[in-house]
4 protein chains.
Amino acid sequence: MMNQETWQTAITEIHPNEVRLRGYRIDELMGEVSFTQAIYLAIMGDLPTPQVARMMEAILVSSIDHGATPPSALAARTAASTGASLNAAVACGLLSINRFHGGAIADCMLMLQKALGSGSLDEDSFGEIAKTILDDYQRSKKRIPGLGHRLHSNDPRTEKLFDLAAELGLSGQAVTLLQAIQSTLATSGKELPINVDGAIAALLVDLGIPSPLANAFFFMARIPGLVAHVYEEQTREKPMRRIHPSAHTYDGPSARSLDKS
Amino acid sequence: MMNQETWQTAITEIHPNEVRLRGYRIDELMGEVSFTQAIYLAIMGDLPTPQVARMMEAILVSSIDHGATPPSALAARTAASTGASLNAAVACGLLSINRFHGGAIADCMLMLQKALGSGSLDEDSFGEIAKTILDDYQRSKKRIPGLGHRLHSNDPRTEKLFDLAAELGLSGQAVTLLQAIQSTLATSGKELPINVDGAIAALLVDLGIPSPLANAFFFMARIPGLVAHVYEEQTREKPMRRIHPSAHTYDGPSARSLDKS
Amino acid sequence: MMNQETWQTAITEIHPNEVRLRGYRIDELMGEVSFTQAIYLAIMGDLPTPQVARMMEAILVSSIDHGATPPSALAARTAASTGASLNAAVACGLLSINRFHGGAIADCMLMLQKALGSGSLDEDSFGEIAKTILDDYQRSKKRIPGLGHRLHSNDPRTEKLFDLAAELGLSGQAVTLLQAIQSTLATSGKELPINVDGAIAALLVDLGIPSPLANAFFFMARIPGLVAHVYEEQTREKPMRRIHPSAHTYDGPSARSLDKS
Amino acid sequence: MMNQETWQTAITEIHPNEVRLRGYRIDELMGEVSFTQAIYLAIMGDLPTPQVARMMEAILVSSIDHGATPPSALAARTAASTGASLNAAVACGLLSINRFHGGAIADCMLMLQKALGSGSLDEDSFGEIAKTILDDYQRSKKRIPGLGHRLHSNDPRTEKLFDLAAELGLSGQAVTLLQAIQSTLATSGKELPINVDGAIAALLVDLGIPSPLANAFFFMARIPGLVAHVYEEQTREKPMRRIHPSAHTYDGPSARSLDKS
């Protein structure tokens, strides 16, 4: 009889001199699969196809950093400035990734999943569906998640993600529907670009990622950026400085391209 | 004249419709470099060589999860069990990665860096250096960081990391010195294996990663594992259960290998 | 003209050699008001009456600790065991105070506030109201917040809080309604005591505290208990021990009473 | 025989219908002791004398808030602005209370404890001791902890704490020594006031509080202030605003005094 307190886990099996992640020996995975493939395996339970793996690499790269103004970077730097350890400062940044910062991905996924339902829809009806969604949002005076950006009128990350998805054969009905929503809105006179959150949301829906994991894919991508900010704060700035949220300038490497590197 | 509150950052440059990470357009990086390469770029300031990139992939994969007994997994699950959001629960896990959990990497790096100094040493002297280090630790009755494991007498991750480093031409004096320390101790009758923390420490020293970043490379690797544990807790367990720290069994996918996948 | 980035705060005014909390010089408050009165002032904007102050002292004392089994104590100890700093370990405990741990206070407040509405009700109708509430919860198969306890069939803290509220003239319709719900359920054959969360919830409603602050009153009370647990872990236990969630015994001071102290 | 995993705690004993904090029934403490007395009991193991209790109330009140510029308030507001829950936002503030924010209390305690040693010193020697300490700090070019303030040339909280300590008969050698250090420095031409951190440090030493708890007494005091800031942010501001660290004005209650309240 199993003790009442014994519980089960399906993630990792540990034996002396053997560690298996979702069934695979971790030393077999090392050198054979990328970190991104291992992330997918750890969370989703199986290795991604090569196409999905490449898509996930691009999604994670797209969100690794967005400069020093996002609240997650500011919260992490603020904690670091008081003498917090690296992990505690990054934890502050992580605690600042919520509904209004990164959260548009989950909101947009829910909007798309609700409209798409479980079955495959006739794409001829997408114009109608888009109109209904837009009417709903207009009535409730809510912003449509995934559209518009404070700074980018034509987010280069969105275009790249959609191009890559098409190339890899991974673009599905969620991408099509979000584009229909965007163009229907544009036809009505309001030109709002699909932002990177919207693009990631549509792709995660098409890849079958559950929406409660949306925030995780964003913060896993952003944490290395937060590490860079905290380390820069610790090595470059004096403690307890006043951190202005936008009055900073970039003085890193000049513009360069992979071709020349 | 620059305003007193204006500050500089060398990580990411943002302009309308242009995001540059350490000088590279992020949409150029997407699809071309892996997430791991982008992590290295964000934190170290330049792209890794292909060899270093492959080594970093393996290092990050090696530490992605170690089951449900490490305190970071338990702290994250405990928070999740009370209804914490995914990011708050993972933050609890992150706050539990410190000196005694993951911290051996930094301690071992410091030990190796101190012994190696700045210049290149004659490896004939490594036996002597190892003896001096072991004497110091014995006198102060401290444990030698990077040696020994509660469970693994021959950690498969260590062997894989060292093999891969040799194959990629990245194994340097830190690896050699740590192996000298291990074998000198074994000769004196105490057989302790180099554990995965020690292997990572030696490789990070040979790769030129600063020791204050040791903890970051461990927690960046482990966070996806924490996401998997929190999500499993949220989807599989009842709230407010008593989480026994070791009485759990694995019921995930059976042992499998990449060959058959 | 006010700069776009200038913002307002109504909490504390700082001038050279003058700190005013909600209008009062902090050095005038020191020595004159208790910490609890200052807490109330800081959060609610005005000093409490002497009766409310005494009630708040008792509410905060009631929740200061509940031993080593609650998840907040376990999460804090788990982090401390890895070498987390005192504040980081307490932060882990704080992050584990959520909907299922302490959260019954907010849920019970919402239930009572919804039933009581804005106006004063005829207490003759409370039996009917209680019946309607109980029917609703039974239909939706939810647990009634504020009733029942895993361990205490007759929580001594509940009785004390209600006695004190009556003595201080602070017991209002929320207390009466919760008692009506409890007795109506008991009449139907299900004897569940009002637990300390329920008692605090009813009192906070009668004191006019907004329900979004419910969690804060619980965690402000519990943080000193978490400090005690973390400090005990740091000073009494070895790092990285396995912390069994319930297999612990008490070895502190013997039972004593204020009379003899 | 005791199970290997069973452990001991000396804080709280729980039995059905009985909760005892350090030996006292919690329902007996409620209504009889203040929250501050219970805090002292929980952490120090015994109830404070009435004099110590009054001193602790004043210490906790002194640090409850210092406006919106301290990094703990800014980090908490930044997290709140992204949609963090109340406890997660306060956790961000708590994680920002470290060596450079609140940490002067611990540093000053260590300086005083080191100089005072274990025995009672002849106060005639304090001028000499002060001179030695000042020479040490000057040589190592470190700032003397507990002296000086960015804003307050004569901190009203310091004077009040010392007056109250004298009145209650609690002012001891640590207070005398810190004052000797301050006046010796002033004689040498550098007039730096004892700040509130220094005053609290000296009093905690004279009260016999261990220095590893210094940070806890500061953050327990400050957490209600952080709750006020987070709640104000949540109820008064729009999400994702840019929070300027100093461009804010006070618009709360006008200056008032207890006499008129």
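Around A:LEU147, which amide H atoms from residues at least 5 apart in sequence, or from another chain, sit under 5 Å from its own amide H, with H modelled in the peptide plane?
Those qualifying (amide H under 5 Å, at least 5 residues apart or on another chain) are A:ASN195.
Please state the relative contact order of chain B as a whole percent: Cα pairs under 8 Å, 6+ residues apart?
26
For the stretch C:216-257, what does the alpha-carbon gyration tensor say about shape, rounded, prolate or oblate, given a ≥ b ≥ c as the root eigenvalues, a/c under 1.5 as rounded, and a/b over b/c as prolate?
Oblate.
Starting from the stretch A:25-116, pick out the GluC sites (Glu not before Pro) whose DSSP state is loop and whose Cβ has at most 16 other Cβ atoms within 10 Å.
A:GLU32
Using the Cα gyration tensor of the stretch A:165-261, with a ≥ b ≥ c the square roots of its eigenvalues, what is the shape: rounded (a/c below 1.5), prolate (a/b larger than b/c) or oblate (neither)?
prolate
Along the stretch B:138-145, what does the Karplus equation 6.51 cos²θ - 1.76 cosθ + 1.60 (θ = phi - 60°) give for ³J(HN,Hα), rounded to whole Hz, x for Gly and Pro?
With coefficients 6.51, -1.76 and 1.60, one gets 5, 4, 8, 6, 9, 6, 6, x Hz.
Along Cα-to-Cβ, 7 Å out, sits the label point; list in nm, shortest first, how far the one on D:GLN138 is from those in the other copies.
Spelled out, the distances from D:GLN138's label point are 4.8, 7.7, 8.3 nm.
Rounded to the nearest 500, what is chain A's calculated 222 nm mean residue ellipticity when only DSSP H runs of at least 4 contribute -39500 (n - 2.57) each, over all residues?
-16500 deg cm²/dmol
Dipole magnitude of the stretch B:106-182 about its Cα centre, charges +1 at Lys/Arg Cβ and -1 at Asp/Glu Cβ only, in debye to the nearest 20?
Roughly 540 debye, rounded to the nearest 20.
Rank the residues B:LYS141, C:LYS114, B:LYS131, C:LYS160 as a footprinting-exposure proxy: fewest other Cβ atoms within 10 Å of their Cβ go first.
Fewest-to-most Cβ neighbours within 10 Å comes out as B:LYS141, C:LYS114, B:LYS131, C:LYS160.
Placing the label point 7 Å from Cα along the Cα-to-Cβ direction, what are the distances from D:GLY127 to the equivalent spots in the other copies, shortest first, in nm to one decimal?
Distances to the matching label points in the other copies: 6.6, 8.4, 9.6 nm.
In straight Cα distance, which lysines are under 21 Å from B:LYS238, not counting same-chain residues fewer than 8 positions off?
C:LYS141, C:LYS142
With labels modelled as points extended 7 Å from the Cα through the Cβ direction, what inter-label distance (nm, one decimal) is found for C:SER257 paired with C:ARG139?
4.9
Let me spell out the model: positive unit charges on the Cβ of Lys and Arg, negative unit charges on the Cβ of Asp and Glu, origin at the Cα centre of the stretch D:1-44. What dipole size does that give, in debye rounded to 20?
100
In whole Å, how far is the Cα centre of the stretch A:184-205 from that of the stretch D:152-176?
62
If you build the convex hull over the alpha carbons only and average its shadow over all orientations, what do you get for chain B? Give it in nm² to one decimal.
If I average the Cα hull's projected area over directions, I get 20.2 nm².
Rounded, prolate or oblate: pick one for the protein assembly as shown, where a ≥ b ≥ c are the square roots of the eigenvalues of its C-alpha gyration tensor, a/c under 1.5 means rounded, and failing that, prolate if a/b is larger than b/c, else oblate.
Rounded, since a/c falls under 1.5.
State the residue of chain D whose Cβ is nearest the axis carrying D onto B, and the distance in whole angstrom.
In chain D, the Cβ lying nearest the symmetry axis toward B is D:ALA88, 2.
Can you list the aspartates and glutamates whose alpha carbon sits under 16 Å from that of B:LYS131, skipping same-chain ones fewer than 8 residues off?
Counting by Cα, and skipping residues close in sequence, B:LYS131 has these aspartates and glutamates nearby: B:ASP122, B:GLU123, B:GLU191.
Considering Cα pairs under 8 angstrom that are at least six residues apart, work out the relative contact order of the stretch A:1-41 and quote it in whole percent.
23
Counting pairs of alpha carbon atoms under 8 Å apart in space and at least six apart in sequence, what relative contact order in percent does the stretch C:3-84 give?
Dividing the mean separation by the residue count of the stretch C:3-84 yields 15 percent.
Using +1 on the beta carbon of Lys and Arg, -1 on that of Asp and Glu, and nothing else charged, what's the dipole of chain A about the Cα centre, debye to 20?
Value, rounded to 20: 1140 debye.
Using label points projected 7 Å from each Cα along Cα→Cβ, tell me how many nm separate D:THR49 and A:HIS248, to one decimal.
5.2
What gaps in nm, shortest first, separate B:THR187 from its twins in the other copies when you place the label 7 Å past Cα toward the beta carbon?
6.2, 8.1, 8.8
All of the numbers you see were taken from the coordinates with simple rules; none came from a lab. No experiment lies behind these values; they were computed from the predicted model shown. Please note: Cβ atoms are built from the backbone with ideal geometry, for glycine as well, and neighbour counts cover all protein chains shown.
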